[in-house]
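Report on the structure given below.
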Amino acid sequence: MSPVTHFFVGWAVANSVPTLEKRDRAWITLASVVPDIDGLGLIAEILTRNSTRPLNWWSDYHHILGHNIGFAVLFTTVAALFSRRKLATSILVFISFHLHLFCDLIGARGPDGDQWPIPYLRPFSTSTEWTWAGQWALNSWPNMLITAILIALASFLAIKRGYSPVEIFSRKADVAVVNALRRSKDRAVPQSF
Ligand SMILES: [Zn+2]
């Protein structure tokens, strides 16, 4: 799925325990996006495409370096070190990370039909590669529907709890977003209701 969908999946997981702090929610949300860090090789690949020694980092490493149990354990360990509610955050970071792999498995077929098999046991073993025959395309309607539902959920939670995913980037912008959401809800629901 796209990084936007992964982001909102992570945010939903981060909000499953309402007592967590902002920092913990950020780690859990990041865990749902971070496997795609192995896609950053795309930049190097594009930049060196016409050189004598092209770097095929995207083709060679995307869906490999970050999409496995080794990276999940590494990232969960780092998150445990820097989070406040360490046990709850670590468990949710681990779940959030695995939801990324699950979402890729069910809905990330590339435009050329590539399934991007997930080498789950790396770096310990290369024996396993996950694919699912029913996998739908990256830009298909189920992904758009899931994303829309998750954004609606994030908006609902923002109105109720007073913070949105924007808090990860800016506290000030977050206050503005929450206020705007609350105002639009007040307009939608008559006062006498
Ligand atoms: Zn991915």
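So here's what we get for this one:
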{"item": "All positions within the stretch 103-128 that are in contact with a strand residue (DSSP E or B) (Cβ under 9 Å, 6 or more places away or on another chain) and within 14 Å of the ligand (Cβ to nearest atom)", "result": "104, 105, 107, 108, 109, 110, 115, 116, 117, 118, 119, 120"}
{"item": "Checking residue 103 against (1) closer than 28 Å to residue 18 by Cβ; (2) surrounded by fewer than 16 Cβ atoms within 10 Å (Cβ to Cβ), the condition it does not meet", "result": "(2)"}
{"item": "One residue from 136, 116, 141, 132 being farther than 30 Å from residue 23 by Cα, out of contact with any helix residue (DSSP H, G or I) (no Cβ under 8 Å at 6 or more places or on another chain) and of a type in the set (A, V, I, L, M, F, W, C)", "result": "141"}
{"item": "Residue identified as closer than 28 Å to residue 142 by Cα and not in a helix (DSSP H, G or I) among 6, 63", "result": "63"}
{"item": "Among the candidates 115, 135, residue that is open to solvent by less than 20 Å² (accessible area, probe 1.4 Å), closer than 18 Å to residue 5 by Cβ, polar (S, T, N, Q) and not in a helix (DSSP H, G or I)", "result": "135"}
{"item": "Any pair with Cβ under 6 angstrom, 6 or more apart, that starts in the stretch 157-172 at a residue that is open to solvent by less than 60 Å² (accessible area, probe 1.4 Å) and ends at one that is not in a helix (DSSP H, G or I)", "result": "157/15; 158/164"}
{"item": "Hey, residue 88 more than 16 Å from the ligand (Cβ to nearest atom), aliphatic (A, V, I, L, M), open to solvent by less than 60 Å² (accessible area, probe 1.4 Å) and in contact with a Leu (Cβ under 6 Å, 6 or more places away or on another chain) or not", "result": "no"}
{"item": "Qualifying residue in the stretch 57-77 (condition: away from the ligand (no atom under 16 Å from the Cβ), farther than 23 Å from residue 125 by Cβ and either open to solvent by 50 Å² or more (accessible area, probe 1.4 Å) or more than 15 Å from the chain's Cα centre (by Cα) (or both))", "result": "no"}
{"item": "Criterion (part of a helix (DSSP H, G or I) and hydroxyl-bearing (Ser, Thr, Tyr)) met by exactly one of 19, 52, 76", "result": "76"}
{"item": "The stretch 29-56, subset of a type in the set (Val, Ile, Thr) and modelled with pLDDT of 95 or more, residue farthest from the ligand (Cβ to nearest atom)", "result": "29"}
{"item": "Selected residue [under 21 Å from residue 18 (Cα atoms) and of a type in the set (A, V, I, L, M)] from 148, 152, 188, 180", "result": "152"}
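The values are calculated or read from the model by the stated rules, or taken from the named source; none is laboratory data. All values derive from a computational prediction rather than experimental measurement. Using ideal geometry, Cβ is built from the backbone for each residue, glycine included, and neighbour counts are taken over all protein chains shown. Just the protein is used for accessible areas: all its heavy atoms, side chains included, with ligands, DNA and RNA removed. Shrake-Rupley method; radii C 1.70, N 1.55, O 1.52, S 1.80 Å.
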